[in-house]
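Step one of this worksheet: look at the structure below.
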Amino acid sequence: MRQIEVGPDGGVDSMRIVDAPRPKPGPGEILIEVHYAGVNGPDLAQRQGRYPPPPGASPVLGLEAAGRVAEVGDGVSEWNVGDRVTALVPGGGYADYCVTSARHALPIPEGLTLAQAAGLPETWFTVWANLIDRAHLKSGERVLIHGGSSGIGLAAIGLARLVGAHPFVTVGSPQRAQFCRDFGAELAIDYRQEDFVARVKQATDKDGVDVVLDMVGGAYLQKDISILKRDGRLVLIAFLQGSKVEFDFMPVMIKRLTITGSTMRPRSADEKACIRDALWREVWPALASGRVRTHLFGVYPLEKAGEAHRIMEASQHIGKLVLQLRD
Ligand SMILES: NC(=O)c1ccc[n+]([C@@H]2O[C@H](COP(=O)([O-])OP(=O)(O)OC[C@H]3O[C@@H](n4cnc5c(N)ncnc54)[C@H](OP(=O)(O)O)[C@@H]3O)[C@@H](O)[C@H]2O)c1
């Protein structure tokens, strides 16, 4: 089968297609014939050597894939050969076939294409785990989402709306701000034009927000803290501007704040299965009914994986990019 290999320098142009043996599903696993594989921020970090795969995971890029079940391992009863699925995979999505736990796969939501469905798992598992399980976002609360037009950001807008919360976002251009407003954001702040702290305070009558979902870190951290309300929660999922800062923790004590965060990939199979079950129950019907939407920016053949990475690195996209391996 074909799979993507990254050269020693980790550059975009070092990605190339190589032949490799088709993997075998172990007990409790399924082999997916990959039609589409999602591209995610962590893939860029892994390519550059900044996000090594956890022990036992495939070293091949790709954290989500959609296609048909090609084989089932011992003990798998919930999927049959031929079923159309989309799945969170521990690695190896950028390949013709990849293996994952049967408990990390989901059906294709009614009305969505395989390409759209391929871009769901990594972002939705992540936003559910962070906004619901860690930050306990509730109806009526306000959440500020940095990187609002990213794959993660759009899923977070959708999830906030689904639970009845009020999503605010920051983005890097007026076009992205407009897109996010159309997508359901109540307030979209172009951080290149406006100070998001002042804008949030103005929009909330100085009250602030209950939750901040932050992928930026760096100088944002103290600012996030400054706009959190009493009992607010800051959730950290990436540090695009760095993870080391000088920080005044006084507001954490005074306002009884919670600072938390998580990464999806190293979580246990059981934890991921619990998140899968919650998404299947709570989000998949909403995707099928159109109450929650997804946005596919582009579909790229496997040979153009480098182009997809280049677009994501330059932040020229809105929403999701996926690679196509077959029709
Ligand atoms: N912890 C986890 O489990 C987990 C799981 C998945 C993804 N992630 C992380 O979440 C982030 C989003 O992932 P994704 O797949 O959705 O990628 P993506 O679509 O490429 O999103 C990156 C976003 O970051 C914004 N951004 C980039 N540099 C910025 C800066 N200096 N200041 C403010 N905003 C900046 C970009 O928007 P603008 O250009 O508009 O600023 C873009 O929307 C990535 O960093 C990824 O590593 C974490």
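Just to be sure, is SER289 within 29 Å of ASP231 (Cα to Cα) and not β-branched (Val, Ile, Thr)?
no
So in segment 140-154, with the set limited to residues that are more than 8 Å from the ligand (Cβ to nearest atom) and in a loop (DSSP other than H, G, I, E, B), which one is surrounded by the fewest Cβ atoms within 10 Å (Cβ to Cβ)?
GLY140
Quick test of your reading of the structure: ARG68 fulfils all but one of (1) within 16 Å of the ligand (Cβ to nearest atom); (2) without any contact (Cβ under 8 Å) to a residue 40 or more places away in the chain; (3) assigned to a strand (DSSP E or B). Name the failing condition by number.
(1)
Yes/no per residue for (1) among the basic types (Lys, Arg); (2) more than 13 Å from TYR97 (Cβ to Cβ); (3) exposed (fewer than 15 other Cβ atoms within 10 Å of the Cβ); (4) touching a strand residue (DSSP E or B) at 6+ places or on another chain (Cβ under 6 Å):
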site	(1), (2), (3), (4)
GLY11	no, yes, yes, no
SER14	no, yes, yes, no
VAL18	no, yes, yes, yes
PRO23	no, no, no, yes
GLU29	no, no, no, yes
ILE32	no, no, no, yes
ASP43	no, yes, no, no
GLN46	no, yes, no, no
LEU63	no, yes, no, no
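Scan the strands (runs of 3 or more DSSP E) fully inside segment 155-226 and keep the ones with 2 or more residues being touching a residue at least 40 places away in the same chain (Cβ under 8 Å) and among the aliphatic types (A, V, I, L, M).
Where strands (runs of 3 or more DSSP E) fall fully within segment 155-226 and carry at least 2 residues being touching a residue at least 40 places away in the same chain (Cβ under 8 Å) and among the aliphatic types (A, V, I, L, M), they are 209-214.
Consider PRO52 carefully, then state whether it is part of a loop (DSSP other than H, G, I, E, B) and either surrounded by fewer than 22 Cβ atoms within 10 Å (Cβ to Cβ) or within 16 Å of the ligand (Cβ to nearest atom) (or both).
For PRO52, the condition - part of a loop (DSSP other than H, G, I, E, B) and either surrounded by fewer than 22 Cβ atoms within 10 Å (Cβ to Cβ) or within 16 Å of the ligand (Cβ to nearest atom) (or both) - is met.
What residue, among those in segment 241-272 that are touching a strand residue (DSSP E or B) at 6+ places or on another chain (Cβ under 7 Å) and small (Gly, Ala, Ser), is farthest from LYS229 (Cα to Cα)? So that I can check it myself, show each step before the final result.
Quick first cut of segment 241-272, residues touching a strand residue (DSSP E or B) at 6+ places or on another chain (Cβ under 7 Å) only: 252, 255-261, 269, 272.
After this cut, where a residue has to be small (Gly, Ala, Ser) as well, the list is 261, 269.
Details: GLY261: 18, ALA269: 35 Å.
By that ranking, first place goes to ALA269.
When you scan segment 286-304, how many residues do you find that are in contact (Cβ under 8 Å) with a residue 24 or more places away in the chain and part of a helix (DSSP H, G or I)?
5
Starting from residues that are among the β-branched types (Val, Ile, Thr) and either modelled with pLDDT under 95 or more than 21 Å from the chain's Cα centre (by Cα) (or both), keep the ones in segment 190-212 and report whichever is farthest from SER315 (Cα to Cα). Please lay out each step first, then the result.
Start the filter on segment 190-212 by keeping residues that are among the β-branched types (Val, Ile, Thr), which leaves 197, 200, 204, 209, 211-212.
Checking the rest, the ones that are also either modelled with pLDDT under 95 or more than 21 Å from the chain's Cα centre (by Cα) (or both) come to 197, 200, 204, 209.
Numbers: VAL197: 23, VAL200: 24, THR204: 29, VAL209: 26 Å.
Going through the qualifying residues, I end up with THR204.
Would it be correct to say that GLY7 is in contact with a Ser or Thr (Cβ under 6 Å, 6 or more places away or on another chain), outside any strand (DSSP E or B), more than 16 Å from the ligand (Cβ to nearest atom) and not charged (D, E, K, R)?
yes
For segment 305-327, what are the residues that are buried (at least 17 other Cβ atoms within 10 Å of the Cβ), more than 14 Å from the ligand (Cβ to nearest atom) and either in a helix (DSSP H, G or I) or aliphatic (A, V, I, L, M) (or both)?
Scanning segment 305-327 gives ALA305, GLY306, LEU325.
Output the residues belonging to segment 86-119 that are assigned to a loop (DSSP other than H, G, I, E, B) and in contact with a Lys or Arg (Cβ under 6 Å, 6 or more places away or on another chain).
First, pick out the residues of segment 86-119 that are assigned to a loop (DSSP other than H, G, I, E, B): 89-94, 96, 108-113, 119.
Residues satisfying the conditions are ASP96, ILE108, GLY119.
Please find, within segment 227-269, the residue that is farthest from SER58 (Cα to Cα) out of those that are within 16 Å of the ligand (Cβ to nearest atom) and part of a strand (DSSP E or B).
ARG233
Condition check: touching a Phe, Trp or Tyr at 6+ places or on another chain (Cβ under 8 Å), of a type outside the set (Gly, Ala, Ser) and not in a loop (DSSP other than H, G, I, E, B). Does ILE32 satisfy that?
In short, yes.
The values are calculated or read from the model by the stated rules, or taken from the named source; none is laboratory data. Since we're looking at a predicted model, the values are computed, not measured. Using ideal geometry, Cβ is built from the backbone for each residue, glycine included, and neighbour counts are taken over all protein chains shown.
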